[in-house]
Amino acid sequence: MAFGAFAGGPEAAPGVAAAQRKSRIVLLLLLPGVIYLAITYVAPLISLVLTSLQSPSPDLAIGSYVYGFNVGNYVVALQTYAPVLGRSFLFALTATVLTLLIGYPLAYFIGVTLRRFPLLQSLALVLVIAPFFISFLLRTLAWKQIFSDEGPVVSFLQALSLLPHDAHLTGTPFMVIFGLTYNFLPFTVLPMYTSLERLDLRYLEAASDLYASRWNTFWRVTFPLSLPGVVSGTLLTFIPATGDYINASPSFLGGLDTAMIGNVIEQNFLVLQNYPVAAAMSIVLMVAILIPVAIYVSATKTEDLL
Amino acid sequence: MTAFDEAGADLELRQITKTFPGFTAIEQLDLTIPAGSFFALLGPSGCGKTTTLRLVAGLEEPTAGRIVIGGRDVTAVKPHERPVNTVFQSYALFPHMTVQGNVEFGLRRRGAKDAAARAAEALRLVQLDHLATRRPSQLSGGQQQRVALARAIVNRPALLLLDEPLGALDLKLRREMQLELKAIQAEVGLTFLHVTHDQEEAMTMADTVAVMNHGRIEQMGSPQELYELPRTAFVANFLGQSNLLTGEVVTSSDEVTVVDVAGSRLAVPTARAQRTSGTVTIGVRPEKLLLVTDAPTPTPGVNVIGPGRITDTSFAGVSTQYVVEFPDNPALPAVTVFAQNLVFGSTLNPGAEVWVTWSADHSFGLVDAAAPGSSFAGDDEPSEAAAAAGEA
C-alpha cells in the first residue's frame, strides 16, 4: 500500500483507504469536544425544554413541579413579559450601535494607523483588554458610585443646571445602556481589530488609484473588507447584552423600571421559584435572538467568513 | 470631472528627488515620456523604479521636483484626481467584488452612466467576458492579471502605469501576455509606463527603455540602441551580457580609436566610444565573437585576442556558450562567447586552443570603467603568482 502511494499509479484505492483512515483519526480527535458539548450544551438544553413544559405539582407546594406538556407557560411568559423582551432588545441594540460607533474607529486606529509602530500597537491592545483584569462586577459598581446622586458627574451637571436638582442618573435607561456599552466594548473591538489588522492596504491604494475619494474608499473597500469583524464583534455584544442581568439590575446600574429579560428570568428562577416560566422565557429569548441574528448574518453574506 | 484624453498624454518628471528616512530612493530625476509611447523603466530591485511609478500615481509624494501630466502640474494632486491608472504587481483586485464589479469600479467613481457596458467591453478586450461574475479568488494568476489590466484601461487614463504586472506568471504565459499587452497598447493608444526588472520583457515590449540604477537613469533609448551601444558598464551587463576589456588608448583618429588591452591592440569606432583618451573600457557582446582554432592573420578592422583555452562549454539549445581564458596572458579577463549551433552539437571541447576575433565595428567604448568584479582582475593575480612559482 505504501508503495502504491509512492508510485502514484492508476489504482486510486490506496489513496482512498488512507483518506478514510485519516478521517477516522479526525473523528477520534473530535470525540472529547463532542462529548463535552453533549454534556454541557445538549443535555441542559433538553432539560430546559422539559422544564418549560412542566405544570405545578398537585400539592401546590412552592417550587415543586411535575413533567407535563403545559404550553401555558409560554403564554404566561409572552403575555407578562413582552414589554420586557422589547426593552431588552432596544437596550442591547442601542448599546451594540454605540459600541460599533466607538469601537470601529478605535479598532481602525490600532489595527491600521498603529501598524508602523508595533510596540504602541501591542500597548493599545493591552489597554483594550486591561479592564478584564478587574472584576466586571466591581467595575460596574464603580460606575454606580461615579454616577450616584452625590457623585461627581451628577453634582457637576447640576452645577451647570444641565440636570434638575431632583434628577438621578443611576436607575435610568441611560445608565443601563451606558453600562452595557462600557462592559461589551472590548468584545466589539477585538474581532474588528483582527479584521482591520489583516486588511491589505494595497486595496486602498488601488481604490484611490481608481478615482475613489477617501470617503468612497472607506465605504466601498475598507468597510466591506472588515465586515466579518464587524459582524462577529456586534454579535458578541448583542447576544450577551440582550440576556444581560447585571447592568439592568437595581443593585447595579438599573432601576425598578429598567428590567431586562435576564432580570426577569433570574427573578423567576431564584426568587419566585417559578422554574417552568423562567425556562419558557429562556427559550423565547433564545429563539428571539436566533431569528434576527440569522437574518443579519445572511444579509451581510458573512456566513462563510464567521 | 475632467475629460480624460483618449490618446494618452505626455509625462514629465522635473528634478524629482525622493528620500526616505535613511536613504535616497531617487535623485534629481528628469524624464519625459511622449504621449502614446510604450516606455519601460528597467532596473534591479531597489533602484527606485517602483518608487518613480508610485510618485506618478500619487501614492508617494516627492521630496522635491514637479510631476507634469499632459502639461498639467499634478505634483500636489491627490491620487484619485490624477488621470492615471495602475496595474499593480500584486494586482490588488478587490476580493469582495466580482470581476465585473472590479472593472466597473473606476467608471462608477467617476459617475460614468454606461459603466456596465464599458466594463463588459474591456473584459472582451482581455478575453475574460465569460468570467465576469466570478470572484478574483476563483481566477488563475494570468486571468487575474488580465482583470487588473482591464480594470485600469477601461478608464482610458492619460497614462497607464504597469508595476511588474507579469512578474508572477510563468514563462509561457508571460510571453503571451507581453504580446497581448503590446497589442492592447497599439489598439487603445494610451501612454504606457512599464516598470520591470526583466530586461527581455523591457526590450520586447517597449519603444523606449530607460535603465535605472541607484535612483538615477543610466541610459535611455530604443532597446536596440541600448543593446548595441551601452554607455556604461552597468547597462552593458544588466541588458544582456558583455565582455569588458580595460586598457590604455594608443591612438585615436576621427574614425577609429585603438586601445591596448594587455598587449592586444583592439580597435573601436570613435563614434561608438564615449571616451578617447586615458584608460578606457571597451566591450563587445558574446554573440559577436568568433572562435578560430588557427592563429588568424592580422586584418585591419578585425580585433583578435589569444591564444586562449576553452575552460567551459554549456549547450543552450540555439547556441553554445564557451568561456575562454588566457593562461599565456593572465592580464586578459576570461571572455564569454555565444556560438550559434549551425551544426550538430558543440564543435570545440574544453582545453582546445582558440583565438577570439570580432569585427572592430561591433566594439563599444564605455564612459566608465568596468567594476573590478566583472573584469576578473582579482582572480587572475593569484594564478599569475602560481604560474610564476611553477616556472621557478
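First measure r as the distance between the Cβ atoms of A:Val293 and A:Ile129, then evaluate 1/(1 + (r/R0)^6) with R0 = 22 Å and state the FRET efficiency to the nearest 0.05. Calculated transfer efficiency: 0.30.
Across peptide B:88-95, the average count of Cβ atoms from other chains found within 10 Å of a residue's Cβ is 5. Rounded if a/c is under 1.5, else prolate if a/b is larger than b/c, else oblate: which is segment B:246-307, with a ≥ b ≥ c the root eigenvalues of its Cα gyration tensor? The shape class here is prolate.
The calculated FRET efficiency for the pair A:Val153 and B:Phe20, based on their C-beta separation and a Förster distance of 45 Å, comes to about 0.40. What residues of segment B:228-254 lie in the reach of a label at B:His214, counting those whose backbone N is under 13 Å from a point 7 Å from the Cα along Cα→Cβ? Only B:233-235 fall inside the zone, counting backbone N under 13 Å. For chain A, the residue among A:Ser23, A:Leu285, A:Ile246 whose Cα projects farthest onto the positive side of the dipole built from Cβ charges is A:Ser23. FRET efficiency for the pair A:Leu60 and A:Ala167, taken as 1/(1 + (r/R0)^6) with r the Cβ-Cβ distance and R0 = 35 Å, rounds to 0.15.
Within chain A, which whole H helices from DSSP have a Cα span along their axis of at least 30 Å and a mean Kyte-Doolittle hydropathy of 0.0 or more, if any?
A:13-37, A:72-111, A:173-197, A:275-299
Applying the Kirkwood pairwise sum to the alpha-carbon positions of segment A:184-223 produces a hydrodynamic radius of 11.0 angstrom. Using bins of 5 Å that start at zero, the share of Cα-Cα pairs per bin across segment A:166-306 amounts to 2, 9, 14, 14, 15, 13, 11, 8, 6, 4, 2, 1, 0, 0, in whole %. Among A:Ala77, A:Ala107, A:Ala206, the largest mean-square fluctuation in a Gaussian network model of chain A (Cα springs under 10 Å) belongs to A:Ala206. For segment B:11-228, the C-alpha radius of gyration sits at 0.99 times the compact-globule guess of 2.2 N^0.38 Å, with N the residue count.
Between B:Asn213 and B:Glu218, the built amide H atoms are under 5 Å apart, and every one of these is 5 or more places off in sequence or on another chain. Segment B:Val292..B:Ala76, full-extension length gain: 71.6 nm, with 0.36 nm per residue of separation and the alpha-carbon distance subtracted.
So which of B:Lys78/B:Lys113; B:Lys49/B:Lys172; A:Lys301/B:Lys18 end up more than 32 Å apart by C-alpha? Checking Cα-Cα distances, A:Lys301/B:Lys18 exceed 32 Å.
Using only the alpha carbon atoms of segment B:149-211, find the Kirkwood hydrodynamic radius as the inverse mean reciprocal pair distance, in angstroms to one decimal.
The Cα-based Kirkwood calculation yields 12.1 Å.
Dividing the C-alpha radius of gyration of segment A:118-167 by 2.2 N^0.38 Å, with N its residue count, gives 1.68.
Where in segment B:79-111 are there trypsin sites (Lys or Arg not before Pro) that are in a DSSP coil and have at most 12 other Cβ atoms within 10 angstrom of their Cβ? Walk me through the numbers before you get to the answer.
On the way: sites: B:Arg108, B:Arg109, B:Arg110; in loops: B:Arg110.
Sparse-neighbourhood loop trypsin sites (Lys or Arg not before Pro): none present.
A simple charge model with +1 on the Cβ of Lys and Arg, -1 on the Cβ of Asp and Glu and nothing else charged puts the dipole of chain A at about 800 debye relative to its Cα centre. Placing +1 on the Cβ of every Lys and Arg and -1 on the Cβ of every Asp and Glu, with no other charges, gives the protein assembly as shown a dipole of roughly 2640 debye about its Cα centre. Of the beta bridges in segment B:11-228, as assigned by DSSP with both residues counted there, near 50 percent are antiparallel. GNM remark for chain A: springs join alpha carbons under 10 Å apart, and the peak mean-square fluctuation among A:Leu225, A:Leu141, A:Leu27 falls on A:Leu27. Pull out a ≥ b ≥ c, the square roots of the eigenvalues of the alpha-carbon gyration tensor of segment A:233-306, then state rounded if a/c is under 1.5, prolate if not and a/b is larger than b/c, and oblate in the remaining case. Oblate, because a/c is 1.5 or more while a/b does not exceed b/c. What shape does segment B:214-334 have by the C-alpha gyration tensor, where a ≥ b ≥ c are the square roots of the eigenvalues, rounded means a/c under 1.5, and otherwise prolate means a/b greater than b/c and oblate the rest? It comes out oblate by the Cα gyration axes. Taking a quarter of the surface of the Cα convex hull of the protein assembly as shown gives a mean projected area of 51.4 nm².
With a 10 Å cut-off around each Cβ of B:105-111, the average count of Cβ atoms from other chains is 5. The mean number of partner chain beta-carbon atoms within 10 angstrom of a residue's beta-carbon across peptide B:32-40 is 0. Computed over chain B, the P(r) curve from all C-alpha pair distances, binned at 20 Å from the origin, holds 24, 45, 26, 5, 0 percent per bin.
Chain A contacts chain B over a buried accessible area of about 1900 Å², both sides summed; the probe is 1.4 Å and only protein chains count. For chain B, no complete DSSP H run has alpha carbons reaching 20 Å or more along its own long axis together with a mean Kyte-Doolittle score of 0.0 or higher.
Across chain A, where is the longest run that never hits GluC sites (Glu not before Pro) in a DSSP loop with at most 12 other C-beta atoms within 10 Å?
The answer is A:151-302.
Go ahead and set up a Gaussian network model of chain B, Cα springs under 10 Å, then flag whichever of B:Gly308, B:Gly101, B:Gly22 fluctuates most. For chain B, modelled as a Gaussian network with Cα springs under 10 Å, the answer is B:Gly22. When Rg and the Kirkwood Rh are both derived from Cα coordinates, the Rg/Rh ratio for chain A amounts to 1.09.
The values are calculated or read from the model by the stated rules, or taken from the named source; none is laboratory data. Fair warning: this is a prediction, and the values are worked out from it, not measured in the lab. Positions of Cβ are generated from backbone atoms using ideal geometry, with glycine treated the same way; all protein chains shown enter the neighbour counts. Just the protein is used for accessible areas: all its heavy atoms, side chains included, with ligands, DNA and RNA removed. Shrake-Rupley method; radii C 1.70, N 1.55, O 1.52, S 1.80 Å.
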